[in-house]
1. What residue, of B:202, B:97, is part of a loop (DSSP other than H, G, I, E, B) and either open to solvent by 80 Å² or more (accessible area, probe 1.4 Å) or at pLDDT below 95 (or both)?
2. Every residue in the range A:157-191 that is over 30 Å from residue B:364 (Cα atoms), touching a strand residue (DSSP E or B) at 6+ places or on another chain (Cβ under 9 Å) and in a loop (DSSP other than H, G, I, E, B), please.
3. In this structure, does residue B:292 turn out to be closer than 22 Å to residue B:55 by Cα and either in contact with a Phe, Trp or Tyr (Cβ under 7 Å, 6 or more places away or on another chain) or not in a helix (DSSP H, G or I) (or both)?
4. Within the group A:123, A:208, which residue is hydroxyl-bearing (Ser, Thr, Tyr), buried (at least 17 other Cβ atoms within 10 Å of the Cβ), at pLDDT 95 or above and closer than 30 Å to residue B:358 by Cα?
5. Return the pair list, or none, for Cβ contacts closer than 7 Å from residues in the range B:367-392 that are on the phi > 0 side of the Ramachandran plot to residues that are among the aliphatic types (A, V, I, L, M), at least 6 apart or on different chains.
6. If you go through the range B:376-422, how many residues are open to solvent by 60 Å² or more (accessible area, probe 1.4 Å), in a helix (DSSP H, G or I) and facing chain A (nearest Cβ under 8 Å)?
7. Looking only at the range B:303-318, which residues are in a loop (DSSP other than H, G, I, E, B) and without any contact (Cβ under 8 Å) to a residue 60 or more places away in the chain?
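The values are calculated or read from the model by the stated rules, or taken from the named source; none is laboratory data. Just so it is clear, the model here is predicted, and its values are computed rather than measured. Ideal geometry is used to build each Cβ from the backbone, glycine not excepted, and the neighbour counts take in all protein chains shown. Heavy atoms of the whole protein, side chains included, go into the accessibility calculation; ligands, DNA and RNA do not. Shrake-Rupley method; radii C 1.70, N 1.55, O 1.52, S 1.80 Å.
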Amino acid sequence: MDNLNVKTFSECIEQGVIPEILFWVGCAGSFDERAKKITKAFVKILNKANIKFAVLGKEESCSGDPAKRAGNEFLFQMQAMNNIETLNSYSIKSIVTTCPHCFNTIKNEYPELGGKYTVYHHSQFLNKLMKEGRISVEGGNFKGKKITFHDPCYLGRANGVYEAPRNLIKKIDAELIELKRSRSKGLCCGAGGAQMFKESEQGRKEISSERAEEIEESEAEIVAAACPFCNTMISDGLKSDKKEKDNTKIYDIAELIANANDL
Amino acid sequence: MSYIPNIIFLILLIGSIGLFVSNLLKIRRNINLGKGETLEVNNSGKRFKNMMRVAFGQGKMISRPVAGILHFIVYISFIIINIELVEIIIDGIFGTHRVFLPMGKLYGILIGSFEILALLVIVSVSIFWVRRNVLKIKRFLENKMMGWPKLDANLILYFEIILMFLFLFMNAADAPFQEMEIGNPISGMIYNNLLVDIDNLHVLERIFWWSHIIGIFIFMNYLFYSKHLHIFLAFPNTYYAKMEEKGKLNNMKSVLNEVKLMLGTQDNDSGLNESSENIVFGASDVTDLSWLQLLNAYTCTECGRCTEACPANMTGKKLSPRKIMMDTRDRIEEVGRNIDKNGSFIPDNKKLLGDYISNEELWACTSCNACVQECPIDIDPLSIIMDLRRYLVMENSSAPIQLNNMMNNIENNGAPWPYSQMDRLNWKN
């Protein structure tokens, strides 16, 4: 159908090929219907750029982030140790992931446990590919569109990555609109710290609605996300918002690039 | 007999410094009740730079220009005007009067600039008072801020205003100083409008002089009871602050030892010196927290930027990062008083977790780091929230049921949802 060219690390090794990078798909990217589209969009770009990448497939397991943030350090470290064993068994040096939570955990929390890798969030990796001239983007479908960017906490505040995703939006010739609360003051979508997997506590409203309202006030036609969980939360927030002005669309930056290139 | 004022001054000076130091040592003792966690980054150069930027340079205050600029005025004035304390102390001990006056023109420039700064402080602090008491600024109105915290905040403002007025009036009532016409840009105006007989002026001058220095001694020792300790503690707090990426949550060493045992990769030399029976996973009380977290609590000046930026709080949940810090300090002080009274800590059937901070607050956190980002002096409320959560989960097994489901899924099939690990690549098709 989509003609995606995806190999697992073990397949590559069997064929005597050493991939230049591992694509860590993450649980959302593997199982969540919406996030799977992001995974595919990113793979399309990688395929187009002829990147020799591989995935772990059945050997990949949860990074442990939600367990750690829920307070279960045991489960986190078990997951981390097992993942590190797998990663090290393939002598993996660099990793790219479309999930800021996996990105943060593998980049910052795995090294002490024996897992030292160069870790990229896909927004950084796409920038790198552009700089190296391995992919190019023309405005395409999004030329002149008003696009805003929702900073994922685990990419922005947690790791100081603010410019990489914004550069990509500028690359597709869109008009980048900043939300009132952006960059280091970006407002959480409500999913982090394992909140994604539970009902929120009693309150006036959902965090995702608070963010969705801000997005709707911004007059952006499209909100760009860079995290599968933000994507889910903000879509929910936009849907639950009672205003019938429900035409703000949400795309991951990988989808924006893939669509701009008509992949 | 003419030495009586000198002796009284010396007694007050030594007494107030002594009390101040002994209280400071008490704070140090309380902070050291925390765990002796080692710092993960030993780059003292980097730490020093952070302290200079954030504490000394007020680097994070300016993100809110109004409060930031007003605070900067008060801060810089505090540092500069305190130079005058040197003269006051020398005068007090030796019975001299304006011992640096022979400096002449330079003295005038110094005192003159102190006076201008004093006036600026009075203006700034008055605006602070209006912001706290007249304007309805949300971050000052939280429940936890009622009662003592509100009085404390106002008392600090009153102290500062009164001390600045006393400084100006002390200069204004000093007729010989006024007649010299140097360094009296503000007090000169007061002097010209004083309705006091010139002969009685020196009595008034003495009253203002003594009130000013005694006010300073009282204020110095009031700090111990107030949220105002940040004027000192902001420095060590920013020096010892976390240097790694905000997103990094520490890997618990105690857990690592257990995990290594389970996986059969235990090194022979690690973890054996600690008996695993005494290890508490996570924190239920202040003594389970690290010394740095307790230093954070003493350093907090309750400004509420953290709570204002907290997504859970702004959508009406109970969580307030500032309350986490205030509760932590309230509890460590309670433990400290218990030790003062009994010699060593006698269990009081109370804990930080449960008696001060509820599960509901803890489970509302999204770990978004907005509170950490906002704190102008690098306090980390998130780390305390996480350590309390760790206790709830690893010691109490009392996570919300949905989180238990999530964790069961991770344990059984390597994903937070009940999908088989074997299906991980199905998205391809």
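1. B:97
2. The answer is A:172, A:174.
3. So residue B:292 fits the description; yes.
4. The match here is A:208.
5. From residues that are on the phi > 0 side of the Ramachandran plot, the pairs are B:367/B:382; B:369/A:158; B:369/B:382; B:378/B:54; B:378/B:241.
6. Residues that pass the stated criteria total 4.
7. Hits for the range B:303-318 are B:315, B:316, B:317, B:318.
For every residue, the table says whether it meets (1) open to solvent by 20 Å² or more (accessible area, probe 1.4 Å); (2) under 30 Å from residue B:252 (Cβ atoms).
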{"residue": "A:19", "(1), (2)": "no, no"}
{"residue": "A:56", "(1), (2)": "no, yes"}
{"residue": "A:60", "(1), (2)": "no, yes"}
{"residue": "A:68", "(1), (2)": "no, yes"}
{"residue": "A:82", "(1), (2)": "yes, yes"}
